[in-house]
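Comments concern the structure below.
The values are calculated or read from the model by the stated rules, or taken from the named source; none is laboratory data. All of these numbers come straight from a predicted model, not from anything done at the bench. Counting neighbours? That spans all protein chains shown, and the Cβs are built from the backbone with ideal geometry, glycine included.
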Amino acid sequence: MASAPAELSTADRDRLVRARKEFNAEVIYLNTTTMGLPPRRSWLALQSALQDWRRGTANPLDYDDVLESARASFGELVGIHPSSVAVSSQVSVFAGLVAASLPSGSEVLTAAGDFTSILFPFHAQASRGVTVREAPLDRLADAVSADTTLVSVSAVQSADGRVADLAALRAACEATDTRILLDTTQAVGWLPIEASRFAYTVCGGYKWLLAPRGTSFFTVQPDLRDELVPNNAGWYAGEDRWSSIYGTPLRLAADARRFDVSPAWHSWVGAAPALELLTEVGPAALHAHALGLAERFRAAVGLPSANSAVVSVVADDKVPDLMTAAGIVGSVRAGRLRLSFHVSTSQDDADRAAEVLAGHLRA
């Protein structure tokens, strides 16, 4: 479970101040759970790359460098070596990779109401006898049994920001030799995650990682690589990409790059600088900042404390107009207002949102 927000050091505060200066939202943006804002360095890098493309001076080989930079930064954020990180455009690609590699007759345990990109790929394996069982998130660890092959669950629920009890889940799975596929899309960027503690993790880049859509990451423990069939293998999964464009024999990368999917180049041009910024701030400071602002907002509007940077509440009928008039951007999921606080959010943003919405929200 996520802990209470830590006290920020002077150095942490300075890094956060510098990072926030890279954002230029014209609104109070509390919607990272839907789409993260690009820092200035990402915007500028993307504009430069688009100009090169327009002028005919772009070199495809250069895109490998920015992608490898993003891979390394992601590995640093989740505490795993880049050789255990694969990249593609969508989370479901990697969830499908794991699902297709499960033995026939496997049982998969999921959390009720979780995001479908880590549910549907397993249900699609029904013809092979793969069964999917679900349990409430707060009882997921108790639902693990000796028959459970894999648990597929989000570290943070997209619909309402609830944080899974990962320590309890790991303990239950270790006792039954059950593997975990952890979706960290709504976690990495504010919640510290140690990817090496899980068999597999998947993460979409366009939310808390502040990257363009079309970027995602996959981590796999080294001793499990050979159990996955690289069904999506193409030229970019080759050991030497630019010499594996034509013909056989099969010559895939020895590490997790064998699971890479040919990238949407310009998405990665924007991703690399954003991930660089997040690593500069660091997971601990990102967590303290985001959770601290969410707790500040909750206290100001009379909501109970929680362990998430995502605030999910019931809003009255006046809230949509109030938010529009005040320039507050959030989203509605599962019938509830969803607000999120990230590195791009200031204390003034949280206070102004609370001032406008106080008296109109309930848990």
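Of these, E280, E239, which one is under 23 Å from the mean Cα position of the chain (by Cα) and surrounded by fewer than 16 Cβ atoms within 10 Å (Cβ to Cβ)? Step through it out loud before you land on a result.
On the way: E239 fails: under 23 Å from the mean Cα position of the chain (by Cα).
Result: E280 is the single residue among E280, E239 that is under 23 Å from the mean Cα position of the chain (by Cα) and surrounded by fewer than 16 Cβ atoms within 10 Å (Cβ to Cβ).
Based on what the data block shows, is L150 among the aliphatic types (A, V, I, L, M) and out of contact with any strand residue (DSSP E or B) (no Cβ under 6 Å at 6 or more places or on another chain)?
no
Find all pairs meeting these conditions: Cβ atoms under 8 angstrom apart; at least six residues apart or on different chains; first residue within the stretch 12-27 and among the aliphatic types (A, V, I, L, M); second residue outside any loop (DSSP other than H, G, I, E, B).
Listed pairs, sorted by first residue: L16/V281; L16/A285; L16/H289; A19/L277; A19/E280; A19/V281; V27/I328; V27/V329.
Conditions: (1) assigned to a loop (DSSP other than H, G, I, E, B); (2) buried (at least 19 other Cβ atoms within 10 Å of the Cβ); (3) among the aliphatic types (A, V, I, L, M). V202 meets all but one. Number of the miss?
(1)
Against the conditions (1) surrounded by fewer than 24 Cβ atoms within 10 Å (Cβ to Cβ); (2) assigned to a loop (DSSP other than H, G, I, E, B), where does A175 fall short? Just the number, please.
Of (1) surrounded by fewer than 24 Cβ atoms within 10 Å (Cβ to Cβ); (2) assigned to a loop (DSSP other than H, G, I, E, B), only one is false for A175: (2).
Every residue in the stretch 25-51 that is in contact with a helix residue (DSSP H, G or I) (Cβ under 7 Å, 6 or more places away or on another chain) and outside any helix (DSSP H, G or I), please.
Correct list: I28, L30, P38, P39.
If we scan the stretch 181-194, do we find a residue that is out of contact with any strand residue (DSSP E or B) (no Cβ under 7 Å at 6 or more places or on another chain), small (G, A, S) and modelled with pLDDT of 95 or more?
Within the stretch 181-194 (the criterion being out of contact with any strand residue (DSSP E or B) (no Cβ under 7 Å at 6 or more places or on another chain), small (G, A, S) and modelled with pLDDT of 95 or more), the answer is yes, since at least one residue qualifies.
Identify the single condition in (1) part of a helix (DSSP H, G or I); (2) buried (at least 20 other Cβ atoms within 10 Å of the Cβ) that V87 does not satisfy, given that it satisfies every other one.
(1)
Being hydrophobic (A, V, I, L, M, F, W, C) and part of a helix (DSSP H, G or I) is the filter here; which residues of the stretch 2-24 pass it?
Across the stretch 2-24, the qualifying residues are A11, L16, V17, A19.
Could you grab me the full set of residues in the stretch 115-127 that are without any contact (Cβ under 8 Å) to a residue 60 or more places away in the chain and surrounded by 14 or more Cβ atoms within 10 Å (Cβ to Cβ)?
L119, F120, P121, F122, H123, A124, Q125
Tell me whether the stretch 43-60 contains one or more residues that are touching a residue at least 40 places away in the same chain (Cβ under 8 Å), surrounded by 20 or more Cβ atoms within 10 Å (Cβ to Cβ) and of a type outside the set (G, A, S).
The answer is no, given that none of the residues of the stretch 43-60 is touching a residue at least 40 places away in the same chain (Cβ under 8 Å), surrounded by 20 or more Cβ atoms within 10 Å (Cβ to Cβ) and of a type outside the set (G, A, S).
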